[in-house]
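*Asks:* Dumping the structure here so I can ask a few things about it.
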Amino acid sequence: MEFNPFQRRFRKGLRKVALVYPNRYVGGIANIGLQQIYAELNDLAFCERFYADFFEGLRSFESGTPLSEFEIALFSLQYETDYFKAVEILKKSNFKGIKIAGGPCVMENPKPLLGIFDAFFIGEVEGKLEEIVSARSPEELSGIEGVYTGKEIRVKRVYSKLGKHIETEIIGEGAYGRCFLVELGRGCVRRCSFCLVRQIYAPPRWRRLEDLPEIKDVKKIALIAPSPTDHPNFKEILQFFVERGFEVSPSSLRADNIDQEIAELLTRANVKTLTLAPETASEELLEVLRKEISFEELRNAVEICSGKFEKLKLYYMIGIPGESVEDVLRIAERAKELKRFIPRIEISLNPLVPKPHTPLQWLSFGGEGGIKELRRKIEMLQKECIKHGIEFSKPNLREFILQTILARGDESVSGLLNGEGYRNYLRSLGSFELDKELPWDFIDHGYKKGKLAEEFESLMSVINKKGF
Ligand code: SF4
C-alpha cells in the first residue's frame, strides 16, 4: 500500500493528464523527477499515474481509468528499452490525445521516436509544465522552450535552479524500499568519459542544507544525486539524518570519498551492502574512462569498511577500447584480494555503451573484437568468478545491443520498435566518422562538439601510447 497525499477527484474544467512510466512501479516510485512532476501536475491539472506492471500500463494506478480517457499523456523514458513498452501502451490503449515524451533518453536523442510522439521535452520540465498542459493541440506545443516536434533545427536543453525541496511525496515500496527521496543535487562535478549524466544535467547543482525538507512519518530516506558523496556537506547531511534515527540509503558512493567517519555513519544508517563502481581493473583503462579512482583507493575504502557491511557489490564495464583479456580477468583477481575485508562480493558487469554527447560517442559497441569477443570475455570472467566464490551478475547482451542502437539511431531504426529483429540494425553498432553529422547534434547541451572531439582524440591517444 502506498501513501499518496496528492490524489484528488476530477473536477470539471481540469485537464486530464496521464503520467506514464513504461516500466515497473518499483523504479517509477523511486524516481525523484517523477515525484516532483506528479506533485506539480496535481496543482495544475488532474493527474494520474500509469505503470507497466499495473493494468499493463493501460489503466491508471489510482483509479483504473483507461488511458484513452486522458487528454495529454506525458511519458517518462528512463531507459531506451522502455520504448518498446511505450509503443505497446500507445497502440493497445487507442490513446487519441497529445503524446509527449521526456526524460534522460529524450535528452540524449529522441530521433528513433519521431512519428510515435507528437513532441519531446528536452530538459528538466518542472518550470514548463503549466505551458505544456495548457496546449490544446500538438501545434501549440511548438515554440515552448525545450520542446522538439521534429521541425526545429536546434533545441537548447532547459535546466532548472534547485530551490526548496518538495515537502510531501508519495511513499511507496520502491527501489530503495519504503522511503522519502531527498534530492541532494543534479549534474556531476566529475568528468567520467562514458557518462551521459555529466553532459545532460550540466552544470552540477547542489541543494543547500536549508532547502532540504522536513521529513515525518517514514523511517527511511534515500539521498539522491548522480554522485551524492561529492555534495560539499555530504557527511553533515548523513549525520543529521542518522542522528534523528533514520535509515539512510545513498543512491551511490565513490570509493575516494569514503573515510572512517562515513563508514561508521553508513553502518548506523543500516546500509548492508557497500556498492562501488571501479568500472575497470586496468590502470590504463581508468585513464580512458577518466574514472580517477585507483585500485589503492578502492582497496583503502573496502578496508575501512571491513566488518561493517554484509556484502560488497562492484560495478565493472566491459568492451572498453584497448581492453585485453588480462584486463578483464584482473577484475576477478582484485575481487579475490578484497575478499579478506568483505568476504561476500558480487561483480556486476555491463558492456560500455558509447552514449551520445559523451566524448566516447564516436566509438563502436563491444570494443575492438565486437560482440563475439565480448561474449568470450564475459564467459571467461564468469568462470573465474565462480572458481573463486565471487557472485557474478552477467549482462544481457541483447538488452545492451538494443540500448546502443536506440540511443544512437535516427528515424531509420524505428522498425525495431515495430517488431523487426535487431540483427537488421547491427551496422548501427559501428563507429562514427569524426566529421559526420550525428542524429543528436541538434540538441544544445552547452558543450562544443569540437571540444568533445578533442577530448575523444586525447583519450584515444592514451590507448595508442600504451601500444594496445
Ligand atoms: S559516472 Fe558518476 S562520478 Fe562519473 S561523471 Fe557520471 S555521475 Fe559523475
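*Asks:* Condition first: free of Cβ contacts under 8 Å to residues at least 40 places away in the same chain and loosely packed, with under 15 Cβ neighbours inside 10 Å. Now tell me which residues in region 390-414 satisfy that.
*Replies:* Within region 390-414, 396, 398, 412 qualify.
*Asks:* Looking only at region 79-92, decide whether some residue is surrounded by fewer than 24 Cβ atoms within 10 Å (Cβ to Cβ) and under 20 Å from residue 135 (Cα atoms).
*Replies:* Yes.
*Asks:* Further, regarding this structure: Of the residues in region 277-333, how many are more than 15 Å from the ligand (Cβ to nearest atom), small (Gly, Ala, Ser) and part of a helix (DSSP H, G or I)?
*Replies:* So the count comes out to 1.
*Asks:* Identify, please: which residue in region 135-154 is surrounded by fewer than 20 Cβ atoms within 10 Å (Cβ to Cβ) and touching a residue at least 24 places away in the same chain (Cβ under 8 Å) and is, among those, nearest to residue 111 (Cα to Cα)? Outline the logic, then answer.
*Replies:* Of the residues in region 135-154, the ones surrounded by fewer than 20 Cβ atoms within 10 Å (Cβ to Cβ) are 136-140, 142-145, 149-154.
Of the ones still in play, those that are also touching a residue at least 24 places away in the same chain (Cβ under 8 Å) are 137-138, 149-150, 152-154.
Working: 137: 21, 138: 17, 149: 10, 150: 8, 152: 12, 153: 13, 154: 13 Å.
The extreme case among them is 150.
*Asks:* How about region 176-208: which of its residues are closer than 27 Å to residue 292 by Cβ and aliphatic (A, V, I, L, M)? Reasoning before the result, please.
*Replies:* From region 176-208, those closer than 27 Å to residue 292 by Cβ are 176, 182-208; that's our starting set.
182, 184, 189, 196, 197, 200, 202, listed by residue number.
*Asks:* Does region 258-274 contain at least one residue that is surrounded by fewer than 20 Cβ atoms within 10 Å (Cβ to Cβ), in the same structural domain as residue 330 (by TED's automatic domain parsing) and within 14 Å of the ligand (Cβ to nearest atom)?
*Replies:* No, the conditions are met nowhere in region 258-274.
*Asks:* If I go through region 12-55 residue by residue, how many of them are basic (Lys, Arg) and farther than 18 Å from residue 136 by Cα? Don't jump to the end; show me each part of the working.
*Replies:* Let us first name the residues in region 12-55 that are basic (Lys, Arg), namely 12, 15-16, 24, 49.
If we keep only those that are farther than 18 Å from residue 136 by Cα as well, we get 24, 49.
Looking only at that region, the number is 2.
*Asks:* Please tell me if residue 162 is touching a residue at least 40 places away in the same chain (Cβ under 8 Å), assigned to a helix (DSSP H, G or I) and surrounded by fewer than 21 Cβ atoms within 10 Å (Cβ to Cβ). Spell out the reasoning first.
*Replies:* Values: touching a residue at least 40 places away in the same chain (Cβ under 8 Å): yes; assigned to a helix (DSSP H, G or I): no; surrounded by fewer than 21 Cβ atoms within 10 Å (Cβ to Cβ): yes.
So residue 162 fails the test.
*Asks:* Would a scan of region 284-301 turn up a residue that is over 29 Å from residue 398 (Cα atoms), touching a Phe, Trp or Tyr at 6+ places or on another chain (Cβ under 9 Å) and of a type in the set (A, V, I, L, M)? Quick ask: steps written out before the conclusion?
*Replies:* Residues of region 284-301 that are over 29 Å from residue 398 (Cα atoms), as a first pass: 292-301.
Within this subset, residues satisfying the condition of being touching a Phe, Trp or Tyr at 6+ places or on another chain (Cβ under 9 Å) are 299.
Retained after the next criterion (residues that are of a type in the set (A, V, I, L, M)): none.
No, region 284-301 contains no residue that is over 29 Å from residue 398 (Cα atoms), touching a Phe, Trp or Tyr at 6+ places or on another chain (Cβ under 9 Å) and of a type in the set (A, V, I, L, M).
*Asks:* Further, regarding this structure: Across region 168-190, what is the number of residues that are within 13 Å of the ligand (Cβ to nearest atom) and either at pLDDT below 95 or among the aromatic types (Phe, Trp, Tyr) (or both)? Step through it out loud before you land on a result.
*Replies:* Going residue by residue through region 168-190, those that are within 13 Å of the ligand (Cβ to nearest atom) are 184-190.
Of the ones still in play, those that are also either at pLDDT below 95 or among the aromatic types (Phe, Trp, Tyr) (or both) are none.
Total satisfying the criteria: 0.
*Asks:* Is there a residue in region 223-242 that is surrounded by fewer than 21 Cβ atoms within 10 Å (Cβ to Cβ), within 16 Å of the ligand (Cβ to nearest atom), among the aromatic types (Phe, Trp, Tyr) and closer than 30 Å to residue 447 by Cα?
*Replies:* For region 223-242, residues surrounded by fewer than 21 Cβ atoms within 10 Å (Cβ to Cβ), within 16 Å of the ligand (Cβ to nearest atom), among the aromatic types (Phe, Trp, Tyr) and closer than 30 Å to residue 447 by Cα: absent.
*Asks:* Please state which of the following conditions residue 188 fails to meet, knowing it meets all the rest: (1) within 16 Å of the chain's Cα centre (by Cα); (2) closer than 30 Å to residue 139 by Cα; (3) hydrophobic (A, V, I, L, M, F, W, C).
*Replies:* Result: residue 188 fails condition (2) only.
*Asks:* Residues being of a type in the set (Ser, Thr, Tyr) and without any contact (Cβ under 8 Å) to a residue 40 or more places away in the chain: count how many of those fall in region 69-101. Walk me through it before giving the result.
*Replies:* The initial filter retains those residues of region 69-101 that are of a type in the set (Ser, Thr, Tyr), namely 76, 79, 81, 83, 93.
From what is left, the residues that are without any contact (Cβ under 8 Å) to a residue 40 or more places away in the chain are 93.
Residues in region 69-101 being of a type in the set (Ser, Thr, Tyr) and without any contact (Cβ under 8 Å) to a residue 40 or more places away in the chain: 1 in total.
*Asks:* Could you tell me whether residue 355 is in the same structural domain as residue 382 (by TED's automatic domain parsing), surrounded by 21 or more Cβ atoms within 10 Å (Cβ to Cβ), within 26 Å of the chain's Cα centre (by Cα) and modelled with pLDDT of 95 or more? Lay out the reasoning, then the answer.
*Replies:* Working: in the same structural domain as residue 382 (by TED's automatic domain parsing): yes; surrounded by 21 or more Cβ atoms within 10 Å (Cβ to Cβ): yes; within 26 Å of the chain's Cα centre (by Cα): yes; modelled with pLDDT of 95 or more: yes.
Yes; evaluated as a whole, the condition is true for this residue.
*Asks:* Same structure, new question: Checking the condition in contact with a Leu (Cβ under 8 Å, 6 or more places away or on another chain) and basic (Lys, Arg), which residue from 157, 59 passes? Talk me through it step by step, then tell me what you get.
*Replies:* On the way: 157 fails: in contact with a Leu (Cβ under 8 Å, 6 or more places away or on another chain).
Being in contact with a Leu (Cβ under 8 Å, 6 or more places away or on another chain) and basic (Lys, Arg) holds for just one of 157, 59, which is 59.
*Asks:* I've got another one for you. I need every pair where a residue in region 424-437 that is in the same structural domain as residue 372 (by TED's automatic domain parsing) has its Cβ under 9 Å from the Cβ of a residue that is of a type in the set (D, E, K, R), sequence separation at least 6 or different chains.
*Replies:* Here the result reads 428/408; 429/408; 432/408; 434/457, each pair linking region 424-437 to a residue that is of a type in the set (D, E, K, R).
*Asks:* When residues of region 113-134 are filtered for being of a type in the set (Gly, Ala, Ser) and either at positive phi or buried (at least 16 other Cβ atoms within 10 Å of the Cβ) (or both), how many remain? Quick ask: steps written out before the conclusion?
*Replies:* Taking region 113-134 and keeping what is of a type in the set (Gly, Ala, Ser), we get 115, 119, 123, 127, 134.
In the following step, the residues that additionally are either at positive phi or buried (at least 16 other Cβ atoms within 10 Å of the Cβ) (or both) were identified as 115, 119, 123.
Residues in region 113-134 being of a type in the set (Gly, Ala, Ser) and either at positive phi or buried (at least 16 other Cβ atoms within 10 Å of the Cβ) (or both): 3 in total.
The values are calculated or read from the model by the stated rules, or taken from the named source; none is laboratory data. Computed from a predicted model, the values in this text were never measured in an experiment. Heads up, the Cβs are rebuilt from the backbone with ideal geometry, glycines too, and the neighbour counts pull from every protein chain shown.
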